[in-house]
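Trainee: Before we start, here is the structure in question, set down as structure tokens.
The values are calculated or read from the model by the stated rules, or taken from the named source; none is laboratory data. Remember, it's a predicted structure, so these values are computed and weren't measured experimentally. With ideal geometry, Cβ positions are generated from the backbone for all residues, glycine too; neighbour counts draw on all protein chains shown. Side chains included, ligands, DNA and RNA excluded: accessible areas come from the protein's heavy atoms. Shrake-Rupley method; radii C 1.70, N 1.55, O 1.52, S 1.80 Å.
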2 protein chains.
Amino acid sequence: MLIALRFDCVLSAKELAAVANIAPSTASEHLTKLTVAGLISCKKVGRSRLYSITDGDVCDLIDGITAHADRIGSRHEDKSRLPKAVKHSRLCLDHLGGELGCLVSNAMFSGGYLRHTPKGPEVTRDGEGWLSSHEIGKHFPNEHLRCPLRLCHDWTHGGYHLGGGIAAALLATFVERDWLRTRRGEIAVSLTPKGITGLGKTFGLDLRQVTG
Amino acid sequence: MLIALRFDCVLSAKELAAVANIAPSTASEHLTKLTVAGLISCKKVGRSRLYSITDGDVCDLIDGITAHADRIGSRHEDKSRLPKAVKHSRLCLDHLGGELGCLVSNAMFSGGYLRHTPKGPEVTRDGEGWLSSHEIGKHFPNEHLRCPLRLCHDWTHGGYHLGGGIAAALLATFVERDWLRTRRGEIAVSLTPKGITGLGKTFGLDLRQVTG
DNA sequence: ACAAAACTTCGGTAAATGCCGAAGCATGGC
DNA sequence: GCCATGCTTCGGCATTTACCGAAGTTTTGT
């Protein structure tokens with residue numbers, strides 16, 4: 001349920017019961033436990049109850065646990081079996097991960113558009129200008145519910161890439177400009193020739209290697 | 001058990017059974033589970049098995065969960081009932097917390113001795129010089145096992161203070177210089193007149209209010 | 001070689017947990 | 001006003017869990 005919410009931000013009790021594959025009554029009981037524990041919050045809308053993750057701290061908690069699970073789970077897995085494209089650039093839920101995701105993230109920090117704070121990454125004054133000049137909206141779907149920006153531990157690459165609403169908006173822009181292409185149900189993201197120049201100029205990266 | 005290990009770094013199965021108040025056989029079973037889950041690691045020494053937390057990522061995980069528990073737990077508590085001294089300066093396991101802990105932490109970041117990175121706080125080149133010039137050892141007990149520096153969410157004050165081995169070494173130095181005094185079994189830390197001037201000069205703080 | 005210490009494995013028990021279906025409560029549509 | 005929908009509460013069942021003590025294993029000390 002928490003992982004489903006980590007992706008979809010807002011889900012009803014019925015939907016959460018469906019993803020967990022349990023009866024609505026069981027789901028209801030479990031959802032109250034999660035709510036009492038402060039992990040999720042509930043909002044009554046009509047005759048539905050819409051649940052979402054309480055705040056960014058809880059998101060980090062969930063990410064930390066899933067990242068740990070990935071580390072443990074992949075301990076005896078052969079990572080080299082992953083297609084090269086997936087290692088290089090892949091979707092992490094609804095934003096960009098893999099080597100390309102980490103490169104973009106690093107470039108935005110070293111370019112002074114983002115900075116690290118004890119509460120996580122933050123958009124600088126420069127960054128706000130940069131985002132709007134590139135027509136990358138500060139506004140994204142479910143803005144009021146979703147963590148705008150966070151760091152995502154990248155288990156295929158060992159670094160960090162950007163997550164949260166702004167990261168999702170970034171990916172949407174890249175796809176819109178045909179710099180990247182995604183296919184429904186596939187985790188791999190393909191970098192177009194246009195993207196090599198576009199992303200390269202925008203972030204000062206040499207991406208000719210990344211297509212692999 | 002994990003919280004005990006977060007403080008003591010290395011504990012034997014017997015000791016962990018004692019802190020959890022369960023029979024050695026039960027502890028053994030549980031420790032196996034934690035080990036399989038990759039949360040703790042085991043080292044055979046003589047006839048004992050010494051357990052410690054696997055790595056810094058797991059430390060972060062534990063800290064995140066305890067921090068969340070603090071947030072939730074303190075939601076319906078009356079914080080104002082805490083003695084003023086505890087709110088101002090208190091022990092957080094083996095290092096300095098409370099308002100004073102946060103002030104010292106902030107001063108070290110803004111002084112350029114520490115900086116934030118995605119993996120947590122880091123000592124800068126300046127900071128290393130500063131630490132050694134103040135005779136605050138980079139070396140501390142269990143150095144090889146313990147996280148050297150991390151951020152601790154401070155639930156009495158709402159900010160962050162420093163944790164980890166370096167923070168423990170800092171407190172030890174402050175106590176040694178009689179800037180602060182601790183009493184066995186007590187969480188409150190008292191700031192001496194010497195400390196008001198000493199810490200004040202060292203970190204550029206006006207601490208006359210903090211004694212409260 | 002023998003005993004003690006530290007830990008694990010095994011068998012059994014009591015408590016907690018997850019789960020479901022039926023019934024009960026709100027809300028929205030007709 | 002009435003029914004359908006979405007959710008919760010309740011009672012009860014099956015499974016799982018935590019736990020202990022006894023017995024077994026390895027290592028240390030004498």
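Trainee: Put simply, what bits of the stretch B:96-121 lose 20 Å² or more of accessible area when the other protein chains are there, versus the chain on its own (1.4 Å probe)?
Mentor: Relative to the lone chain, where solvent access is computed with a 1.4 Å probe, the stretch B:96-121 loses at least 20 Å² at B:116, B:118, B:119.
Trainee: Under the 0.36 nm per residue contour assumption, what length would be gained going from the current alpha-carbon distance of residue B:125 and residue B:12 to full extension?
Mentor: Value of the extension gain: 37.0 nm.
Trainee: Determine, from the Cβ-Cβ distance of residue A:181 and residue B:183 and an R0 of 51 Å, the FRET efficiency 1/(1 + (r/R0)^6), rounded to the nearest 0.05.
Mentor: Efficiency, rounded to the nearest 0.05: 0.20.
Trainee: Calculate, in nm to one decimal, what residue B:20 and residue B:4 gain on full extension: separation in residues at 0.36 nm each, minus their alpha carbon distance.
Mentor: Extending this stretch completely gives an extra 4.9 nm.
Trainee: Turning to a different aspect of this structure: Can you compute the FRET efficiency between residue B:206 and residue A:209 using 1/(1 + (r/R0)^6), with r the Cβ-Cβ distance and R0 = 41 Å? Round to the nearest 0.05.
Mentor: It comes out at approximately 0.15.
Trainee: How do A:14-20, B:130-136 rank on mean C-beta neighbours within 10 Å, highest first?
Mentor: Per-residue Cβ counts within 10 Å, averaged per peptide and sorted highest first, yield A:14-20, B:130-136.
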